[in-house]
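Reading through the structure tokens given below for one structure.
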Amino acid sequence: MAAPQVPRALVDRAESLLDRSDRVVLGITGPPGSGKSTLTSALLSALGTRLGTDAVAHLPMDGFHLADVQLDRLGLRDRKGAPETFDVDGYVAALARLHSSPASVLYVPGFERDLEQPLAGAIAIPPSARLVVTEGNYLLLPDGGWEHVRPLLAEVWFVGVDDDVRRPRLIRRHVEFGKSPDAARAWLDHVDEPNARLVSSRRDAADLVVGAPPPGE
Ligand SMILES: Nc1ncnc2c1ncn2[C@@H]1O[C@H](COP(=O)(O)OP(=O)(O)O)[C@@H](O)[C@H]1O
Ligand SMILES: [Mg+2]
């Protein structure tokens, strides 16, 4: 599949956030499997073409998953992906440092999907990055520490996709990364979907609701 196309109006809107400040952070949220990461990567690629690749950067909330060793200690391994299985304070601190220390390189963790674990220092956000896109499930939650995220973002966009499109995609992704089809469906029902309902309950708090981009030609 070619890279998805991002509507030009979205690229324009993201770029116009730079009118507000020398460095801005745009949030992309939505339920698991809605297409946040796909939209973010297409948006960053379009913005990089316009502004220069050094001027844009990606800060994935997924990098702040707690590692399995901590989830085991907390008894949360079977809820991996729920709000309480993330280092929310670390995520908030990273977002705050984007604003407070713009002259420093900010190293943030990435999420290794094959390992299903975070990887420290996987992503470097250079001082030249003026437009940073952060994406993840819980950007608009009103509690649990997540409430400190929204004030650090210029806008938050919610990716809304019908469940009958989103759910099969998510099952496919789980199978692609090693789960059996039965295990994938069970994980969807017991873990992903309660999280999806929580995320969707905050849809009205978004600045903009967008569909996932159509697949590329
Ligand atoms: N517009 C699209 N058309 C077809 N498949 C898509 C589209 N957007 C996302 N997908 C697929 O759906 C799955 C979930 O997308 P992803 O961007 O990883 O979602 P999220 O980051 O919200 O969990 C991935 O396998 C991805 O390739
Ligand atoms: Mg994602």
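The values are calculated or read from the model by the stated rules, or taken from the named source; none is laboratory data. Owing to the predicted nature of the structure, the values given are computational and were not obtained by experimental measurement. With ideal geometry, Cβ positions are generated from the backbone for all residues, glycine too; neighbour counts draw on all protein chains shown.
Pro31 meets the conditions (1) away from ligand 1 (no atom under 16 Å from the Cβ); (2) within 24 Å of His148 (Cβ to Cβ) in every case but one. The failed one is (1). Would you please list the contacts, defined by Cβ atoms under 9 Å and residues six or more apart or on different chains, that run from a residue in the range 108-135 that is closer than 18 Å to Val92 by Cα and away from ligand 2 (no atom under 13 Å from the Cβ) to a residue that is at pLDDT below 95 and in a strand (DSSP E or B)? Within 9 Å, the pairs are Pro118/Glu112; Leu119/Glu112; Ala122/Glu112. Looking across Gly75, Gly81, Gly35, Gly90, one residue alone is more than 23 Å from Pro7 (Cβ to Cβ) and within 16 Å of ligand 2 (Cβ to nearest atom). It is Gly81.
Taken together, Ala14, Ala42, Ala57 contain a single residue that is under 20 Å from Val105 (Cα atoms) and surrounded by 20 or more Cβ atoms within 10 Å (Cβ to Cβ), which is Ala57.
Tell me, yes or no, whether the range 13-27 has at least one residue that is farther than 18 Å from Pro151 by Cα, assigned to a helix (DSSP H, G or I), among the basic types (Lys, Arg) and away from ligand 2 (no atom under 13 Å from the Cβ). Yes, the range 13-27 contains at least one residue that is farther than 18 Å from Pro151 by Cα, assigned to a helix (DSSP H, G or I), among the basic types (Lys, Arg) and away from ligand 2 (no atom under 13 Å from the Cβ).
Quick grid of which residues meet (1) surrounded by 14 or more Cβ atoms within 10 Å (Cβ to Cβ); (2) within 16 Å of ligand 1 (Cβ to nearest atom):
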{"position": "Pro126", "(1), (2)": "no, no"}
{"position": "Val132", "(1), (2)": "yes, no"}
{"position": "Tyr138", "(1), (2)": "yes, yes"}
{"position": "His148", "(1), (2)": "yes, no"}
{"position": "Arg173", "(1), (2)": "yes, yes"}
{"position": "Val191", "(1), (2)": "yes, yes"}
{"position": "Ser201", "(1), (2)": "no, no"}
{"position": "Val209", "(1), (2)": "no, yes"}
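Among the residues of the range 36-55, not a single one is in a loop (DSSP other than H, G, I, E, B) and closer than 30 Å to Asp163 by Cβ.
Looking at the range 34-65, which of the residues that are among the polar types (S, T, N, Q) and within 12 Å of ligand 1 (Cβ to nearest atom) is farthest from Leu17 (Cα to Cα)? Among those that are among the polar types (S, T, N, Q) and within 12 Å of ligand 1 (Cβ to nearest atom), it is Ser34. When the residues of the range 141-171 are filtered to those that are at pLDDT 95 or above and among the charged types (D, E, K, R), the one that is nearest to Thr40 (Cα to Cα) is Glu155.
So that you can scan it fast, the table gives a plain yes or no per residue for (1) more than 16 Å from ligand 2 (Cβ to nearest atom); (2) in contact (Cβ under 8 Å) with a residue 60 or more places away in the chain; (3) not β-branched (Val, Ile, Thr):
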site: Leu153; (1), (2), (3): yes, yes, yes
site: Arg166; (1), (2), (3): no, yes, yes
site: Arg169; (1), (2), (3): no, yes, yes
site: His174; (1), (2), (3): no, no, yes
site: Ser180; (1), (2), (3): yes, no, yes
site: Ala183; (1), (2), (3): yes, no, yes
site: Leu188; (1), (2), (3): no, no, yes
site: Pro194; (1), (2), (3): yes, yes, yes
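For the range 106-131, the set of residues classified as over 18 Å from Gln70 (Cα atoms), charged (D, E, K, R) and in contact with a helix residue (DSSP H, G or I) (Cβ under 9 Å, 6 or more places away or on another chain) consists of Arg130 only.
For the range 156-206, filtering for residues that are in a loop (DSSP other than H, G, I, E, B), within 24 Å of Glu84 (Cβ to Cβ) and under 18 Å from the mean Cα position of the chain (by Cα) leaves 3.
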